[in-house]
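Structure, as structure tokens:
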Amino acid sequence: MAAITSPLQPTSLRNLALLLRTAPRFVQNQFRFQSTTSGPASSSSVNPTEVSHFNALASTWWDPQGSSRLLHLMNPLRHDFIRSCHATQPIPPPAAGLRYLDIGCGGGIFAESAARLHNTGLVTAIDPSPQVLAVAKAHARQDPGLSGKLNYLNSSIEGLPKPTSVEEQYDVLSLFEVIEHITHPAEFMDVCADFVKPGGWIVMSTIARTWLSWFTTKLVAEDIVGIVPRGTHDWDKYINAEELRGYFLKERGWNSPQVVGVVYVPGLGWKQVDGSEKVGNYFFGIRKDEV
Amino acid sequence: MRPLQSPLQARQLSEYVCNNCTRQLRRQRRRYATTTLTTSSNPDIYDVVCVGGGPAGLSLLAALRSNPATSRLKIALVESQSLTPIRSFSLPPTQFSNRCSSLTPSSVRFLQSIGAWKFVKRERVQAYREMRVWDGVSGASIDFDTAALGPGGKDGVIAYMNENLNLTSALLQRIDELGGVDVLDGQKVADIRLGEEGEDVDLSSWPVVKVSGGREITARLLVGADGANSPVRAFAGIQSRGWDYERHGVVATLKMEGPGWGGEDHKIAYQRFLPTGPIAMLPLPGSYSTLVWSTTPELAAKLKSLNEQDFVSMVNAGLRLSPTDLKYLHSMPEGQTDEATWREQHTPFETNKIPQRVVGVQEGTIASFPLKFRHADTYIGERIALVGDAAHTVHPLAGQGLNQGQGDVESLAKTIEYSVTHGQDIGVQLSLEAYNAERYAQNNLLMGVMDKLHKLYAVESGPVVALRSLGLRAVDGLGPLKGFFMKQAAGTGVKVF
């Protein structure tokens, strides 16, 4: 990859663009599905451009040398981040049977890896795109160890039945590269909150809304280079860590916000860099009050 | 989705089985099986299948089993020899196996960390604290001792001489102690192919190993620790390139006139570079030493044909007489002893700078093997990892082969641990990249140095001899530089590469 040889930079343009391209931007459509259908999204709700885009992407989602390589390389950091969130708890989470809900799971890079962990009981992974979910299911068949621990559903979060007991709620609700595509993040978060166990976590990764992300994702990626279709990203929808923190801590029943900035260093991979959450990619985690 | 039959897999298959069979395999794969397979319910699906129960393979299994993070992996070992005699390895203190290796302090530290070192019979291991290397043509020499190691030198030990059997026996005992490895020993690999796609499970990227006993086991990760002619490497379609040195290594267990000039507490290793190759004498406990004499195949055959007395005389001569004298001795059909004695009287040498005299050779220990240089193009493939001799075969002149294998295993075990703790499939190439990246360049560099040394010292006369002698003397005179070389040899050096 050409980026490997380029000098250190906060976030390589090409890499960032790749990340954005692979992000499930259809998630924003969930709200539109919501108004017309109450069940899982049907393929007709996804616009034809999106379908062809993801069909093209589908064949390379699990190619480690393909356009999703950056996502594959970032995946271990997601687990490191979740572990660091758990480490802040005064009482550690249960040693077995953890339940994950992965929203906008895409090809299942995170969902599969979460299901493989020995202390995982179940991973429910949802995505509104049937094409992408087909890729995820086909890939999961290649690992017999996943059977019984990983459940894919073609659904939006609103399409899932609301948990009626703590047992049906989740220890970890993950939103990786999703929130920046949501039209009304506050409402979306409120829906998500019902799925989290008391003492459980929402973990997410996204990009800060800064001059740098505007430059790389809007001006360069969309307008100049054109690797991302124009209009894919609405820079105004990017959310800064401070805003997330402010939202959750405003008497909504959440505590212990965790923020970690990550930077892709060519030749070394993704690295945790303190303070970089203010300029580029970052992880955010928040814990639900234990009632 | 990965294509059902990628071009790479097709190529790998066609290299391993004939075209007809490949076609048949493809047809078979299209027929969907109806049975459901899972790792937990199917006894023949393993997370790690290691082919080869030598030092590298056994160390890997002990490392995986002793680490809590990787101890949940389901592991099988396939080894063509029966492991029972190795497990119960026992020899009297006056007998030593002729296959010995020097273990660097770094390898010993790793063996301690995986809990295997405690099973090594320590009374059969000999530490050495000094290493004398000299040029058989010019006489220029270099003396490595513990002082050159500086404060970083561990207990003043350069390396430990140990019988390979003592090590493999210890590793087996450690694996037995840990339990949890399905051992298929005394069984050859009959066939390796890719698995099939069923209704619920697609194992078309998983290697299936069929052993001579008939059992078929499926591997998430297939480790080739199966030596220079690795069937696993052949299956993966990974080329191994290199050359033969046109040299054979003659080994023997020797009885010396005493424990050495430094006594029991300060054992010394010796290596003399002759134009035909280096002759090395490495200390074992008591008055024993092990010989590794690299020479031409003809001279190796000649040495093996001699009676015990003449063989002993030739070894003594090899460490004392000039290359010209040695050439003459080699040409004699027999009676080397008298000729060598006479010639030694007319050759000046400092007795205490060379090893003590050999007085006997342990019966049945004289053997030889061809020396090769081989390096695989890569150590990894999809669901494939190569370690030890399957990945690289090196000239034995620095005794680094086994240590390189231990380095591979330590790195691979660390890579697998990272994958397990981060939920990655341990078999996919993406998960194995870190192992290849860490070990390939490092091994390549060391192997290059060993190869260049061999070629450098194969020159008998002219400016090269003068230059290399100058080089040896210069290094000998420069303490810090010498210390640097020693630390690299001992595996304790700073990783500058």
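The values are calculated or read from the model by the stated rules, or taken from the named source; none is laboratory data. Just so we're clear, the structure is a prediction, and the values are computed from it rather than from any experiment. Methodologically, a virtual Cβ is constructed for each residue, glycine included, from the backbone with ideal geometry; neighbour enumeration extends over all protein chains shown. The accessibility values were calculated without ligands, DNA or RNA, using every heavy atom of the protein model including side chains. Shrake-Rupley method; radii C 1.70, N 1.55, O 1.52, S 1.80 Å.
General observations
- Here the Karplus curve 6.51 cos²θ - 1.76 cosθ + 1.60, taken at θ = phi - 60°, turns the phi angles of region A:99-114 into couplings of 10, 10, 10, 9, 9, x, 6, x, x, x, 4, 6, 4, 4, 5, 5 Hz, with x standing for Gly and Pro.
- For region B:387-393, 3J(HN,Hα) computed residue by residue from phi via the Karplus equation (6.51, -1.76, 1.60; θ = phi - 60°) reads 9, x, 5, 5, 8, 7, 10 Hz, glycine and proline entered as x.
- Relative contact order for region B:250-290: 46 percent, from Cα pairs under 8 Å spaced at least 6 residues apart, divided by residue count.
- Phi-based couplings in Hz for region B:265-271 (Karplus 6.51, -1.76, 1.60; Gly and Pro marked x): 8, 9, 7, 10, 9, 10, 8
- Accessible area (Å², 1.4 Å probe, nearest 10) - residue A:260: 30
- Percent antiparallel among DSSP beta bridges (both partners in region A:64-288, rounded to 5): 45
- Interchain or long-range residues, amide H under 5 Å from residue B:161's placed H: B:103, B:126, B:127, B:128
- Counting Cβ atoms of other protein chains within 10 Å of each Cβ in B:416-424 and taking the mean gives 5.
- Complex-versus-alone comparison for region B:189-226, residues with a loss of 30 Å² or more in accessible area, probe 1.4 Å: B:202, B:220
- By accessible area with a 1.4 Å probe, ligands and nucleic acids excluded, highest first: order of B:168, B:341, B:378: B:341, B:378, B:168
- Per-q log10 I(q)/I(0), region B:186-281, q = 0.13 Å⁻¹ (Debye; single scatterer per alpha-carbon; no solvent): -0.72
- In region B:56-87, the residues whose accessible area drops by at least 20 square angstrom when the other protein chains are added to the isolated chain are B:72; the probe is 1.4 Å and only protein heavy atoms count.
- Formal net charge of residues neighbouring residue A:125 (Cβ-Cβ distance under 9 Å; K, R +1; D, E -1): -3
- Dimensionless Rg over Rh [region A:64-288; C-alpha; Kirkwood]: 0.94
- At least 50 Å² of accessible area lost relative to the chain alone, listed for region A:135-172 with a 1.4 Å probe: A:141, A:142, A:144
- For region B:205-263, GluC sites (Glu not before Pro) meeting the loop criterion (DSSP other than H, G, I, E, B) and having at most 15 other Cβ atoms within 10 Å: B:257.
- Only protein heavy atoms count here, probed at 1.4 Å, and on that basis chains B and A bury about 2000 Å² of accessible area in total.
- For region A:64-288, the relative contact order is 18 percent, taking Cα pairs closer than 8 Å that sit 6 or more residues apart in sequence and dividing their mean separation by the residue count.
- Size of electric dipole in region A:64-288: Cβ of Lys, Arg +1 and of Asp, Glu -1, about Cα centre, debye, nearest 20: 460
- Surface accessible to a 1.4 Å probe, per residue, for the residues of region A:64-288, Å²: 36
- Between residue B:45 and B:218, the built amide H atoms are under 5 Å apart, and every one of these is 5 or more places off in sequence or on another chain.
- Among the chymotrypsin sites (Phe, Trp or Tyr not before Pro) in region B:248-327, none sits in a DSSP loop with a Cβ that has at most 12 other Cβ atoms within 10 Å.
- Sum of side-chain charges, residue B:363 neighbourhood, beta-carbon under 12 Å (Lys, Arg +1; Asp, Glu -1): 0
- Charge tally for residue A:105 (other residues, Cβ to Cβ under 10 Å; Lys, Arg +1; Asp, Glu -1): -3.
- Average other protein chain Cβ within 10 Å of Cβ, residues B:434-441: 0
- For residue B:288, distant residues with modelled amide H under 5 Å away: B:256
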